[in-house]
Every structure is written in structure tokens, then in C-alpha cells.
Amino acid sequence: MLRRHQGLGTWLQAVFRSKETPPPLSTTTARSFGDPDQPSFAPLAPRNMSETGGTFPPLQPLPSTSVIDVAGQPTEVIETVSLVRSKPALEVIVFPGNPGSGQFYISYMRSLHEALMKKVGCIRVRTLSHLGHARGVYKPAFYTLEDQVAHKLDFLESYCSDVDAPLLVVGHSIGGYMALEAVKRWQARAGSRRVTRSASKAKGTSRRTHPSDSCRIMALMPYMQFDEDCKKQISLEKVARRPYVPAAVAGFLGLVVPKFLTVRLLTAFDKNLERESAGHVADQLLSYTVGHNAFSLAQDEFRALRGKEIDWGWLRGNKGRIGWVFCPGDHWAPKKLWEQVKGEGAGDFIRFCEDQFHGFCTSARASKGMARLTEEFLGGGGGGDDDDGRL
């Protein structure tokens, strides 16, 4: 009886989310949304949708926000889990750019479920906000780029070392640098531990591949080096030298300007910024502490990445599991970096997408295109270097 009621609740969810007339409630229909009798990880919905002729839109999960402990640091995590009753068949971790609030990536996270659920089954997506970049979730401190990389490494070690499902680590902008660097260190640390334990390891026992060796990494317009020829980077470097000034301006605006007016001004100024993302700016970034952390991180990015050599050797050695996405007019991941990545053979999946832009996470349409590129990277389709992100 309990199972019957669970199936009824899931069926009603589909009814209210669908514009189509629902099929009659039956055991088959309820099972298509994840009955416990079905095998785990099976792409359940497509089979019964074709049987009934229905065109239900994929059920997009609502995001949940929580605060977890990562090596003693309070950390905001935005999480979505597919609305099917099975264990996740894919784990996705997202590291944001700067500013590093995970709230900006909700549209991308939900689009991932829409793009992947039919082929993968249940997936779990977690976006990790940077230290000090989530309003109300921070210690009274300012964090460097190295602090943020160490934070991501601590998260991977604490929360991803024992995952059974395949793992994908996605990094956007400076988060792309963090993703590559954190996984590289995670792999090195896990390898050194295996060496020290090898003497006491029982003969003939087998050990599964560590996630740091098998996880895939997707760098979305990654910021890898300070560009001395980029006027925008040079201008922003000057502003970031005194992070308390723009932080004070942000805090003042957050106090005196109503949210609805802030949203209108932001969307008028940036045509790619949608109202929901503008609301996140007003809620998350217009505070002194978050603003100071964002500009302090920018200041340290410019310092740490000035003249820094990219580790092409490690990238070539792991090219089969690394994906790269670039776009036109990008000041942070310029076209010359795309050419370098191709020339160095640093990845088997390298895309230059004409219809994308650096701040894709502020647009539902661009987020959907990026989710489709993620699907392609995971084996969902082909495409050349000029793919525009539409399947």
C-alpha cells in the first residue's frame, strides 16, 4: 500500500508539471518514474514514455542548500538529485568562478538532469560555494587562491573518496583552474598513500581504482594565466589592489538600493543577465564581506597566475579524461589559450562554442547549451571544435 501511494505522489507531480494530458495511472506508469522493483541506474522514463506515446518533460529536481564542514570551514553546498528512487549513477561536483556563489549555477545543474537523466539515470549534482562567497556562511577571514584550491581538495578527499558512481568535476573560470589543480593534488596524495600502504597490503587482494585516477574533469572557459596583453585584466587588477573600496560600494548599495531596482539596473546593463541571476547578485554579492572576498580573490588570482607555467605534462598524461570549452570574446580564457591546449594535445575533448559566453551561468539558454556539451563530453554525442553547444 505504501508503494502504491508513493507511485501516486510521483504520478501527480508529473501531472502538474506537464502540459500534456496524463496517461491513466497504472503500475507501469508509476514504475517509469523509479519503482524500487526496477533495477538500479536504469534509464526508466524513456521506455514507458515511448510505450504510452506521452511527451512528459523531464522532472527537474528542486535545489537544496545546506552548510557542511570542510576541514573546519563552514561551506555552502547547493545540491540536486534526480527524482527517481535509485542510487546515483553519476556524481557531479561543480566549482564556481569568481564571484563564487553556487546559487548562480542552479539553472546549469537542473539542465544537467534534463540532459543526462534519460541516458544515465539518477544523478546527483553538488555545487560548492567558495569560502567567504556565500552571504552569512563564512568565518571572519579573507581567502587566497591557494586557500580556495586547498578547500576544494579537502572536499574531494572528505566527500568523494568513497563514491561508488563515476565522478565528474566541473570547473568554471577560476574554478576550472581549481578543479584541475585540486584533482592533480588529490591524485598525487592518494598515490603517495598507496605507496606507503603497499608493504602491509595482503598479497593477492585487489583494490578498486581511486576516484582521483578515474574521475573526469571539465574546464569551462578556465582562467589559467594572467594575460599581460589583456587591457580588461590589467584594469581589473588595479581595482582589485584595494578590495575594500569596491566592497564598501557593494555593501552601501546593498543597504540603500531596493532589490527590485538593483535587479532592473543589472538586467538593463547586462543583456545576458537574467532576472533570477540578477536577484542572486542582489542577495549574495551586495555585502561588504562577500564583496571583499571576491575582490581579494581576484587580487590574488592576478598575483598567483602572473607568469605561472601551465603543467602541460600532467594535462597531456590525463588528456583522455579532461574536457575544455572556450567561447569568443573571452578575456579570461582567450582564443590563444584554446590554441595552446590544442597544440599541446592537452585534451581529447576541446570545443570552441560560438554561441556561448563566459558568464553562461547567468542565462538559462546558455546553461542548457552547456549541459548538452557536458552530455557530449560524457559520451552522449559527437561534435567538432566549432560546436555551438546545441545538440
>> Among the listed residues 285, 266, 337, 315, identify the single one that is out of contact with any strand residue (DSSP E or B) (no Cβ under 6 Å at 6 or more places or on another chain), more than 23 Å from residue 149 (Cβ to Cβ) and among the hydrophobic types (A, V, I, L, M, F, W, C).
In response: 266
>> Among the residues that make up region 108-116, is at least one of them assigned to a helix (DSSP H, G or I), surrounded by fewer than 21 Cβ atoms within 10 Å (Cβ to Cβ) and acidic (Asp, Glu)?
In response: yes
>> Which of the numbered conditions does residue 215 fail, given that it passes all the others? Conditions: (1) hydrophobic (A, V, I, L, M, F, W, C); (2) over 17 Å from residue 97 (Cβ atoms); (3) at pLDDT 85 or above; (4) out of contact with any strand residue (DSSP E or B) (no Cβ under 8 Å at 6 or more places or on another chain).
In response: (4)
>> Please determine whether any residue of region 272-291 is surrounded by fewer than 14 Cβ atoms within 10 Å (Cβ to Cβ) and more than 29 Å from residue 376 (Cα to Cα).
In response: no
> Tally time: how many residues in region 323-357 are farther than 22 Å from residue 368 by Cα, surrounded by 21 or more Cβ atoms within 10 Å (Cβ to Cβ) and among the aliphatic types (A, V, I, L, M)?
Replying inline: 2
> Filtering region 237-248 down to residues that are touching a residue at least 24 places away in the same chain (Cβ under 8 Å) and assigned to a helix (DSSP H, G or I), which residue is surrounded by the most Cβ atoms within 10 Å (Cβ to Cβ)?
Replying inline: 247
> Which ones in region 181-212 are modelled with pLDDT of 60 or more, part of a helix (DSSP H, G or I) and among the basic types (Lys, Arg)?
Replying inline: 184, 185, 189, 193, 194
> When you scan region 285-357 for helices (runs of 4 or more DSSP H) that lie fully inside it, which ones turn up with 1 or more residues that are charged (D, E, K, R) and touching a Ser or Thr at 6+ places or on another chain (Cβ under 9 Å)?
Replying inline: 288-305
> When you scan region 258-275, how many residues do you find that are free of Cβ contacts under 8 Å to residues at least 12 places away in the same chain and among the hydrophobic types (A, V, I, L, M, F, W, C)?
Replying inline: 5
>> Taking the condition of being of a type in the set (S, T, N, Q) and in a helix (DSSP H, G or I), how many residues in region 141-180 meet it?
In response: 2
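The values are calculated or read from the model by the stated rules, or taken from the named source; none is laboratory data. Keep in mind that this is a model prediction, so the values were computed, not measured. Methodologically, a virtual Cβ is constructed for each residue, glycine included, from the backbone with ideal geometry; neighbour enumeration extends over all protein chains shown.
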